[in-house]
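The values are calculated or read from the model by the stated rules, or taken from the named source; none is laboratory data. Source: prediction; values computed, not measured. Cβ placement follows ideal geometry from the backbone for every residue including glycine, while neighbour counts extend to all protein chains displayed. We work out accessible area using only protein heavy atoms, side chains counted, and drop any ligands, DNA or RNA first. Shrake-Rupley method; radii C 1.70, N 1.55, O 1.52, S 1.80 Å.
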Amino acid sequence: MLESLIKRADPPGVRLLDAGCGTGRSTAAFAERGFEPTGVDISPAMIDIARAKHGHTGIEFHVHDIRLPFEHGGPYDVVLCMSDIANYLADKAHLGEALASLGSVLRPGGVLVFDANTARGYQLMRESHVFDSEDLHAVLRGRFLPEDGDPHRFQLTMDAFRRTGPEANTWTRESVQHLQRHHSPAEFADLLDAAGLELLGAHGLERTGTLSDSLDEDRHTKGLYLAVRRTAA
């Protein structure tokens with residue numbers, strides 16, 4: 001699905017930057033499909049895992065904050081920024097910095113692809129979700145944070161109870177919080193324009209994995225955005 005959308009946008013070549021690559025799984029997958037990828041992630045631990053798993057392929061992995069200027073190759077024909085990274089940039093100024101940075105390493109005509117949670121997605125995340133197994137009990141819940149001065153900032157909290165051992169009746173508790181922000185399609189379009197990028201399309205993603213040609217924030221749980229770096233006039 002993602003590969004077909006990229007090819008439909010007709011990038012000028014096959015050099016690909018996987019921005020926020022995590023453990024490098026998607027980076028390696030695109031290498032198998034004929035792309036020439038480089039992976040970057042803000043987490044040194046994730047990059048260590050990516051290098052250990054995929055270093056033998058010759059793919060380069062670097063620790064990097066995508067809000068900052070790039071020093072790792074380029075220009076690229078395709079830039080990926082998936083897994084809600086746009087939402088984790090919970091300050092609009094930081095999102096603008098990231099889009100400008102990613103756009104700066106694209107060739108003219110190069111394609112940027114990223115995903116983001118929608119209003120519908122955050123509505124569903126406000127409901128409590130419980131995950132149960134013999135050794136794990138976890139509750140996932142979220143809420144908007146209007147008290148922070150931005151009604152679109154969102155806090156996702158996971159409380160997990162894990163059994164300490166197969167024979168034990170003792171449990172440990174972990175609590176993890178994630179801060180995100182809901183950015184609207186109009187906000188993305190404005191920030192892309194300021195970064196020298198033109199929005200090609202926004203596609204709606206259903207929870208079933210079905211992709212629509214257009215995005216409905218009240219129906220789809222995720223949006224998949226494609227933008228292109230403008231060519232010189």
Hydrodynamic radius by Kirkwood, which averages 1/r over all alpha carbon pairs of the stretch 78-233, in angstrom: 17.3 Å
At most 16 other Cβ within 10 Å, DSSP loop - GluC sites (Glu not before Pro), the stretch 11-95: Glu71
Local net charge near Val176, Cβ-Cβ under 14 Å (Lys/Arg +1, Asp/Glu -1): +1
Net dipole in debye of the stretch 136-208 [+1 Lys, Arg Cβ; -1 Asp, Glu Cβ; about Cα centre; nearest 20]: 540 debye
Principal-axis tilt of helix 44-54 within the chain, Cα atoms, nearest 10 degrees: 70 degrees
Cα gyration tensor shape for the stretch 1-109, rounded if a/c is under 1.5, else prolate or oblate: oblate
Highest-first arrangement of 1-7, 126-132, 202-208, where packing means the average Cβ count within 10 Å: 202-208, 1-7, 126-132
Within the stretch 1-79: Cβ-based charge dipole about Cα centre, in debye rounded to nearest 20 (Lys, Arg +1; Asp, Glu -1): 180 debye
Surface share of carbon and sulfur [accessible, 1.4 angstrom probe, percent] for the chain: 51 percent
Order by protection proxy (mean Cβ within 10 Å, highest first), peptides 47-59, 138-150: 47-59, 138-150
Karplus-derived HN-Hα couplings along the stretch 76-87 (A = 6.51, B = -1.76, C = 1.60, θ = phi - 60°), whole Hz, x at Gly and Pro: 10, 8, 9, 10, 9, 8, 10, 6, 6, 4, 4, 6
Around Met158: net Lys/Arg minus Asp/Glu count, Cβ-Cβ under 9 Å: -1
Stretch gain in nm, segment Arg33-Leu5, where the contour uses 0.36 nm per residue and the Cα spacing is subtracted: 8.7 nm
Cα-based shape type of the stretch 27-165, given that a ≥ b ≥ c are square roots of the gyration tensor eigenvalues and the cut on a/c is 1.5: oblate
Cα-based shape type of the stretch 190-233, given that a ≥ b ≥ c are square roots of the gyration tensor eigenvalues and the cut on a/c is 1.5: prolate
Accessible area in square angstrom per residue, the stretch 175-233, 1.4 angstrom probe: 53 Å²
Principal-axis tilt of helix 92-104 within the chain, Cα atoms, nearest 10 degrees: 40 degrees
Cα centroid separation, the stretch 24-68 to the stretch 87-118 (Å): 18 Å
